[in-house]
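**Q** Following this message is one structure expressed as structure tokens.
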Amino acid sequence: MDTDVLLVSLGSTHGWRVNDDALAASLRRAGAAVDMVVAERPREVRTFALTDLAWAVAARRAAQRALDGLEPRALLYSTSTAALLAPRPGAIRFDALAAGNRPGRHGVWQRPLERQTDRGGAAARADERGGARRGAAPARPGGRRAGPDRAVRGGG
């Protein structure tokens with residue numbers, strides 16, 4: 001069977017694993033053929049920057065292994081960290097940007113990569129207060145956004 005969507009899951013917490021399983025199930029109910037790969041847990045390190053690097057490398061390896069045997073129509077990275085070193089462009093299910101949750105030295109290498117990967121397309125994102133930024137759908141009366149709560153970036 002052909003793969004419509006390859007979901008690259010970071011799987012770093014129980015919550016993310018449950019969330020990614022639910023997303024894959026939802027896409028399947030919508031009729032998509034979905035394959036999901038989960039990054040292998042890297043060894044523990046002492047800083048946020050190294051933690052993000054270790055998880056980004058693990059996600060890249062998982063995605064590349066899957067891409068060696070599949071030709072999905074679309075790639076969906078479950079977090080911005082999973083997409084930082086992505087072997088191929090794809091959509092990013094929004095969680096948070098390093099610029100917002102990795103201030104100062106903790107996001108020193110992540111922020112430039114996030115800016116670079118966003119050049120290919122508009123992204124709808126929520127800021128730390130939950131408001132919309134560049135590329136987001138307009139707000140409906142009552143302050144709720146009209147579009148999805150998660151961002152996607154252009155790409156393969």
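**Q** Condition first: in contact (Cβ under 8 Å) with a residue 12 or more places away in the chain and either within 20 Å of R102 (Cα to Cα) or more than 14 Å from the chain's Cα centre (by Cα) (or both). Now tell me which residues in the stretch 22-51 satisfy that. Give the steps one after another, and end with the answer.
**A** Our first condition is that a residue be in contact (Cβ under 8 Å) with a residue 12 or more places away in the chain; within the stretch 22-51, this holds for 23-24, 27, 32-42, 47-49.
Residues satisfying the conditions are L27, A32, A33, V34, D35, E40, R41, P42, T47, F48, A49.
**Q** Looking only at the stretch 20-38, which residues are small (G, A, S) and in contact with a Ser or Thr (Cβ under 7 Å, 6 or more places away or on another chain)?
**A** Result: A33, single match.
**Q** Next up: Tell me yes or no: at least one residue of the stretch 61-73 is part of a loop (DSSP other than H, G, I, E, B) and among the polar types (S, T, N, Q).
**A** We begin by selecting, within the stretch 61-73, every residue part of a loop (DSSP other than H, G, I, E, B); these are 70-73.
Subsequent filtering for residues that are among the polar types (S, T, N, Q) retains none.
So far as the stretch 61-73 goes, no, none of its residues is part of a loop (DSSP other than H, G, I, E, B) and among the polar types (S, T, N, Q).
**Q** Could we say that S12 is in a loop (DSSP other than H, G, I, E, B) and among the polar types (S, T, N, Q) here?
**A** Values: in a loop (DSSP other than H, G, I, E, B): yes; among the polar types (S, T, N, Q): yes.
Considered against the rule, which asks whether it is in a loop (DSSP other than H, G, I, E, B) and among the polar types (S, T, N, Q), S12 comes out as yes.
**Q** So which of E128, E71, E114 is more than 16 Å from the chain's Cα centre (by Cα), within 25 Å of T51 (Cβ to Cβ) and either modelled with pLDDT of 70 or more or surrounded by fewer than 20 Cβ atoms within 10 Å (Cβ to Cβ) (or both)? Can you show your working first?
**A** Values: E71 fails: within 25 Å of T51 (Cβ to Cβ); E114 fails: more than 16 Å from the chain's Cα centre (by Cα).
Of the residues listed, the single one that is more than 16 Å from the chain's Cα centre (by Cα), within 25 Å of T51 (Cβ to Cβ) and either modelled with pLDDT of 70 or more or surrounded by fewer than 20 Cβ atoms within 10 Å (Cβ to Cβ) (or both) is E128.
The values are calculated or read from the model by the stated rules, or taken from the named source; none is laboratory data. None of the values given here were measured: they were computed from a predicted structure. Don't worry about glycine lacking a Cβ; one is built from the backbone with ideal geometry, like all the others, and counts go over all protein chains shown.
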